[in-house]
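The numbers here are math on the coordinates, done by the rules we state, and not lab data. Predicted, not measured: the structure shown is a model, and the values here were computed from it. Note that we place each Cβ from the backbone using ideal geometry, even for glycine, and neighbour counts take in every protein chain shown.
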Amino acid sequence: MTHVAVLMGGMSAERPVSLMSGTACAAGLERAGYEVTRIDVGFDLVEELKRIKPDVAFNSLHGPFGEDGSVQGILEFLKIPYTHSGILASALAMNKDRAKAVLARAGVPVAEHVICNRFEAAKRHALEPPYVVKPVTEGSSFGVVIVPEGANRPPESLAAPDWAYGDVVMAERYVAGKELTCAAFGDTVWDIIDILPVSGSFYGYDAKYAPGGSKHVLPAPLKPNIYQNIQQFTLDAHRALGCRGVSRADFRYDPEKDELVCLEVNTQPGMTETSLVPEMAAHAGMGFDALVSALVEDASCGR
C-alpha cells in the first residue's frame, strides 16, 4: 500500500485554507485506499518526514514556503516524490512580477503593472486609477486592494503597522468584467468557470472560501472564441512556467472592450469543498477521490 504524507497547515497567512485543503485531500486518499499520514507542517518537517518515511508527499500547502519552491527543495533533497509543480515553476508562479514576464513572452495577455515599495504606493498613485494593489508573493487575495476610478489618494492600509504581506507590491491596471478561471492537468485543459461573488465584484477571501460566498457558472457563458482562447492560454501558461500536475489560471474578461487578461497562475490551487479545481474536474467526469489519486500517481522528483 502506498504511504502518502499529506502536507498541510504551514506557517503562511494561508494556513487555515491549507488545513481545509489537506483535510479534504487526506480523506479522499484514504477512501481511495492509500495509507495516509497527516502532517501539520512546522520547522520540524525534515525530522518528521525522515521518521515516517512516506512513499509520496501530497503538497496541500498554500502561500510562501509551500508554494514558492521552498518545500519542493526539501522534498527533492530527501528524494521523496511529491505532487504539483517543482522548484522553478513554483518559485516563478509565486512571484507575480516574474510570472507575468514569462507569460507575456509566451503570448499570454497580461495587464500593465509596476512594482513598487508599499510605503511609496501609500504616498502617491502608482498608476492612474482604477488599479489594483497586491502583494507580489501572496495568494488567496490576502492584501489585495482595489483603487477605484476617481480616487483622490492611494490606500492608507499599505503603510499600516500591521501590514503582513511584505514591502514589495504590484500595482496593476484594473480590468473590469467577468472573473474567470480554468485549469490544466498535464496536457488536459478543463472547462471554464465564471465566478460571481455574492457580495460584490471582488473575488476576495470570503468569496473564495466561505460557503455561499460566490456562485460558479460551469461552463462559463462566453463567446466561442473567448472560451477557446482562455483554454489555450491556460495550457500555454502551464507549459511556459513549467508546471506539473494541476495548475489553475485566473482571468478577467471585459465584454464591453473585448479585453482578456490573465491575472495569475496557481500551482497549488485550493482543494476545499468550495474550491474551483475539484469542481472543474468533477464536471469533466473525475471525482474528488480520483483527482487526488491521479495527483499521487503523477508524483515524482525532478519536476
- [ ] Hey, could you grab the Kirkwood Rh for the chain? Inverse mean 1/r over distinct alpha carbon pairs, Å, one decimal.
- [x] 19.6 Å
TODO: Using packing as a proxy for protection, rank 38-51, 151-164, 10-23, 60-73 so that the peptide with the highest average count of other Cβ atoms within 10 Å comes first.
DONE: 60-73, 10-23, 38-51, 151-164
- [ ] Once you have the Cα-Cα distance between E47 and A284, take 0.36 nm times their residue separation minus that, and quote the gain in nm to one decimal.
- [x] 81.4 nm
Task: Cut-off 11 Å between beta-carbons: net charge of the residues surrounding L196, Lys and Arg +1, Asp and Glu -1 - done: 0
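Viscosity 0.692 mPa s, temperature 37 °C: give me the Stokes-Einstein translational D for segment 3-84 in µm²/s, with Rh taken as the Kirkwood radius over C-alpha pairs. Walk me through the numbers on the way to the answer.
Details: Rh = 12.4 Å.
Taking Rh from Cα pairs, D becomes 266 µm²/s.
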Open item on the list: Using Cα-Cα distances under 8 Å and only pairs 6 or more residues apart, what relative contact order does segment 3-84 have, in percent?
Closed with: 39 percent
Task: Over segment 113-173, equivalent-ellipsoid semi-axes from the Cα gyration tensor in Å - done: 16, 12, 10
Task: Local electrostatic count, L127, Cβ distance below 12 Å [Lys/Arg +1, Asp/Glu -1] - done: -2
Task: FRET efficiency for E35 and I115, using Cβ-Cβ distance with R0 set to 51 Å, rounded to 0.05 - done: 0.70
Task: Lys/Arg +1, Asp/Glu -1 at C-beta; the chain dipole; positive extreme among G242, P255, V132 - done: G242
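Enumerate by residue number the GluC sites (Glu not before Pro) in segment 218-303 meeting two conditions: DSSP loop (anything except H, G, I, E, B), and at most 14 other Cβ atoms within 10 Å of the site's Cβ.
E256, E273
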TODO: Would you mind getting me the FRET efficiency between E149 and K123? Use the beta-carbon distance for r and R0 = 22 Å, nearest 0.05.
DONE: 0.65
Task: segment 239-246 - phi-based ³J(HN,Hα) in whole Hz, Karplus 6.51/-1.76/1.60, Gly and Pro as x - done: 6, 5, 7, x, 5, 10, x, 9
Task: Ranked packing of 280-288, 242-250, most packed first, by mean Cβ within 10 Å - done: 242-250, 280-288
Open item on the list: What distance in nm lies between label points placed 7 Å from Cα along the C-beta direction at Q232 and M1?
Closed with: 4.8 nm
